[in-house]
Amino acid sequence: MAATVLIGAQWGDEGKGKITDLLSQDFDYVARFQGGNNAGHTVIHGDRTLKLHLIPSGVMYETVTPVIGNGCVIDPKVLLGEIDTLQSEGISCERLIISTNAHLIMPYHRDLDGASERRLGANEIGTTRRGIGPAYQDKAARLGLRMQDLFDRSIFREKVAAALIEKNDILQKVYGLPTYTVDAIADEYLAYAERLKPYVDEVSPLLNDALDRGDWVFFEGAQGTQLDIDHGTYPFVTSSNPTSGGACVGTGVGPARIDRVLGIAKAYITRVGAGPFPTELFDDDGRQLIDVGHEYGTTTGRERRPGWYDAVIVKSAVQVNGLTDLAITKLDVLSGFDEIKVCVAYEHLGKRYTSVPGHQSAFHHAQPVYETLPGWQTDITGVRRFEDLPGAARDYINYLEELSGVPVSIIAVGPDRAQTIFRDWERRQR
Ligand code: IMP
């Protein structure tokens, strides 16, 4: 499938890193299209565990060109740190391409992210405090700095000066924080420019020409559908579009070129940060999901909030993204439960909802309506064929398929790349 988009179908942390790592070797290009270093992908490569925040997982393969699209926001210090770490592990970043139009995360974006969260107090969003929201705010306000600005000293200084008129006022007068000078920012960022220059190029022609040649392009989504600024649980969302339309906007590739949109969903569900979560568990079952599933954030280390699989939000992900199929990850974490619950609808004030309620209050107070399925007691981490799963595990997957209306083509039964069941996925013969 020449152009494949990979999307998180829940609240992020669906195990996209493993699936991307596994599939990206079949592709010629792997492109990030939104978000920044709020994302965190744990990639197990041989006996090494690497945590990537910005650089696409495809960097591990010499045949893959990793791309960071215009829709991303980049903290140059973090990016260079990641390049250094990868190079020190013997993984070359020479092929990396960064869009000239990607926006920069500036030091004041990080300050403002933290300050605004502190101001919200109990109403905080629970952001990663990496400056993501404030960077996208400036992009929309047309006050942002882009990668290309780094390569013209006078334009860079002019734009920083224009931004600082507003930012310093807010930092000082609203939050009582220290201000910045143009010199201090220019000294830091123009030093990064030297090192970043070899990687910066135009991404839209690069990917379109690649598709014209018959090359394969993988669009690697970060976060998840329910964290989308338009389609998620606003305001408890990130500031970009992790849904499939974002892949087009965030790289400059038209929608008609996309062949496949693969949604990734965990066999249960987790969320980090605040916001509504109808199937959230506060009991021993939730504890078991956290402990067995090692549910701690890759970026912030925060313990994730656990819950049963919510078929209503996955159905919404199928519609919003035009998902062609699903990958279900971490099925092995459910082994050992006597019974497994699946949320098939919500109820609020006597009304039953089979799609995400249009009004936020109904979603906040929605009570899950569960179907209960029998669990299985055997270890499934060694299973490689669907037919070899216990009957109850097969029934569970078949039920999720029925509820979502799309096939489950990949099932992950452990963190290792080999611990994967391919049902209907044609690997590329190189
Ligand atoms: P921000 O993206 O740092 O602004 O955070 C906004 C919301 O998105 C918070 O609830 C974060 O916890 C959540 N979030 C951001 N990135 C990720 C991710 O990669 N996985 C899961 N949640 C995320």
Exercise. For segment 31-40, does any single residue satisfy the condition of being away from the ligand (no atom under 16 Å from the Cβ) and either touching a Leu at 6+ places or on another chain (Cβ under 8 Å) or closer than 17 Å to Leu206 by Cβ (or both)?
Worked result: yes
Problem set entry | All strands (runs of 3 or more DSSP E) inside segment 297-403 with 2 or more residues being closer than 19 Å to Ile264 by Cα and open to solvent by less than 70 Å² (accessible area, probe 1.4 Å) | 305-307, 325-329, 339-348
Exercise. Given the structure, is Met106 more than 23 Å from Glu220 (Cβ to Cβ), in contact with a helix residue (DSSP H, G or I) (Cβ under 9 Å, 6 or more places away or on another chain) and not polar (S, T, N, Q)?
Worked result: yes
Problem set entry | Residue among Ala184, Ala163 that alone is surrounded by 19 or more Cβ atoms within 10 Å (Cβ to Cβ) and either at positive phi or more than 16 Å from the ligand (Cβ to nearest atom) (or both) | Ala163
Problem set entry | Residue that is farther than 14 Å from Ala222 by Cβ, within 15 Å of the ligand (Cβ to nearest atom) and open to solvent by 20 Å² or more (accessible area, probe 1.4 Å), where the choices are Ala274, Ala265, Ala256 | Ala274
Exercise. Is it true that Ser99 is open to solvent by less than 20 Å² (accessible area, probe 1.4 Å) and over 17 Å from the mean Cα position of the chain (by Cα)?
Worked result: yes
Exercise. Mind checking which residues of segment 120-141 are more than 10 Å from the ligand (Cβ to nearest atom) and either modelled with pLDDT under 95 or hydrophobic (A, V, I, L, M, F, W, C) (or both)?
Worked result: Leu120, Gly121, Ala122, Asn123, Ala140, Ala141
For this session: Could you tell me whether segment 209-218 includes any residue that is surrounded by 14 or more Cβ atoms within 10 Å (Cβ to Cβ), more than 16 Å from the ligand (Cβ to nearest atom), part of a helix (DSSP H, G or I) and of a type in the set (A, V, I, L, M, F, W, C)?
Result: yes
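The values are calculated or read from the model by the stated rules, or taken from the named source; none is laboratory data. Values in this document were obtained by computation on a predicted structure and should not be read as measured data. Note: ideal-geometry Cβ built from the backbone for every residue, glycine included; neighbour counts use all protein chains shown. Just the protein is used for accessible areas: all its heavy atoms, side chains included, with ligands, DNA and RNA removed. Shrake-Rupley method; radii C 1.70, N 1.55, O 1.52, S 1.80 Å.
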